[in-house]
Every structure is written in C-alpha cells, then in structure tokens.
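Only one structure is covered here, and it is reproduced in the block below.
The values are calculated or read from the model by the stated rules, or taken from the named source; none is laboratory data. The structure presented is a predicted model; accordingly, all values stated were derived computationally and were not measured. Please note: Cβ atoms are built from the backbone with ideal geometry, for glycine as well, and neighbour counts cover all protein chains shown. Surface accessibility is based on the protein's heavy atoms, side chains included, excluding ligands, DNA and RNA. Shrake-Rupley method; radii C 1.70, N 1.55, O 1.52, S 1.80 Å.
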Amino acid sequence: MGRGIEVSRLELSAAELRQRAARCGDGRVACRVLAIAGVLEGASRAEAASACGMDRQTLRDWVHRYNAEGIAGLSDAPRSGRPPALSQGQMQELKDLVLAGPDRAKDGVVRWRCIDLRSVIKARYEVVVHERTVGKLRAKPSSPALRRMGLIRLQPRPYHPKKDGEAQEAFKKTLPPT
C-alpha cells in the first residue's frame, strides 16, 4: 500500500465490502466501496483507483473519509443548490390561485397554462421564471413549482362557460338507440 492510503477501519473484509457494494443503491458509493476493497486486497493505489474510474488522489481522499466515518462517509455531501425563486408564503398563495382556477373576465383564460401562470408570477411577485420552471413548481424544493406544491399538469378538459346541460340532454333523446 502507498503512503497515506492505509485503511485503518478493518471491521469489514474486502469480500464483505464487495457484498455491500453489490447491495448499494447508489452507484457512486458502490464504486468507492469497491476501490477501498481493492486497497484492502493489496492492490496499489493506482490499480485500485483506475479500476474504479478515479485518480490516486481521489481514492486517497475517499479512504480518509472511510477511515473516519465508515461506508456512510462515502456518500456525496448534500449540496445547498439554488435558493427558491418564491417564498413559502408566495408558493401557498400561488397554489390557492391555481386551485381556485382563473376568472375568465379578469384573467382572460378558462384554464391555467404554465405560460399564463408565468405572467401572473411576474405581475404579482416581480419574479421572472421560465415557462418550464413554472411547470416544475411541483414536488420537492429542488424541483419546479407546481410539482413542489403537490399539483400535476394533467387536468380535465375545461367546460365552456356557455354550456347548456339541458340542451345536451334534449339532443341525446333525439338520437337513435345504439
């Protein structure tokens, strides 16, 4: 083994590390575990690193993290990402607006489309977002807005405001039986 690459955490053998790597759901972590297993089996730093697609210095850094924290230390650290364009209060207000639906006289539309909501967001909050970002405002903080709000883009076909249900039923009665 090379200088500074010794694995001091020995509670798992190389074979056990390979088993853990096979069951690991994260491919990046599995690759790091396999590289450490290679080091434990006596492979040189260069061999173990190249077998797992990394350079020697990177393997050295992962060995230090493994020694300090075990397999849990081989996971990627969470990243902060870009801050959300709208605050939680603004998101709730936008969700209420979407659920209430548009006012045809005021908004000029019978159903909300992403491009319409983009205009509303710009007018109300002075925030410019891309149309595709609006469509993604749905699930988790790192994803777009509608998804983050628990909404989906699928929706029933809108009803025409001048629809006459009685006229439809009267027309159905005049049709020949099928």
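A few points about this structure:
- Heavy-atom accessible area with a 1.4 Å probe sorts 66, 159, 125, largest first, into 159, 125, 66.
- For the listed peptides 83-95, 43-55, a ranking on the average number of other beta carbons within 10 Å per residue, highest first, reads 43-55, 83-95.
- Exposure ranking of 134, 127 by accessible area [1.4 Å probe, largest first]: 127, 134
- Surface share of carbon and sulfur [accessible, 1.4 angstrom probe, percent] for the range 1-138: 48
- Accessible surface for the chain, divided over its residues, is 70 Å² per residue with a 1.4 Å probe.
- Between 0 and 90°, nearest 10: helix 27-40 axis offset from the chain longest Cα axis: 0
- For residue 133, the solvent-accessible surface with a 1.4 Å probe is about 60 Å², rounded to the nearest 10.
- Accessible area of residue 65 in the full protein assembly, 1.4 Å probe (Å², nearest 10): 80
- Calculated FRET efficiency for the pair residue 126/residue 56, C-beta based, R₀ 35 Å, to 0.05: 0.10
- Full extension of the chain between residue 41 and residue 109 gives 17.7 nm of extra length, using 0.36 nm per residue less the Cα-Cα distance.
- Proximal lysine pairs, the chain, alpha carbons under 19 Å, eight or more residues apart or interchain: 10
- The figure for residue 13 is an accessible area of roughly 50 square angstrom, using a 1.4 Å probe on the protein chains alone.
- Available extension along the chain between residue 64 and residue 168 is 30.0 nm, counting 0.36 nm per residue and deducting the alpha carbon span.
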